[in-house]
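Below: one structure, written as structure tokens.
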């Protein structure tokens, strides 16, 4: 029970930060972090798909197709982790 509360507080803090910076353009690294958090918080492929579709709007046009590929994937978590491993710092 306590772990659920902490995760909920963490999720709330993350959502607040995203709301504050919602008008800024995200990088692909930022987007993948959000997807990893969606997986951690919600634990479902559907959460990853929804997050990917929402985040795509905030990415530069050249990177949006990556988010749509994740959203349309049969296993979005696996594809997301594969992309995350190839990101530079």
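The values are calculated or read from the model by the stated rules, or taken from the named source; none is laboratory data. Because the structure is a prediction, the values reported are computed rather than measured. Glycine gets a Cβ as well: all are built from the backbone with ideal geometry, and neighbour counts include every protein chain shown.
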ask   = In the range 1-44, how many residues are assigned to a helix (DSSP H, G or I) and either modelled with pLDDT under 75 or surrounded by fewer than 14 Cβ atoms within 10 Å (Cβ to Cβ) (or both)?
value = 21
note = Considering residues that are without any contact (Cβ under 8 Å) to a residue 24 or more places away in the chain and over 14 Å from residue 32 (Cβ atoms), the number found within the range 55-67 is 4
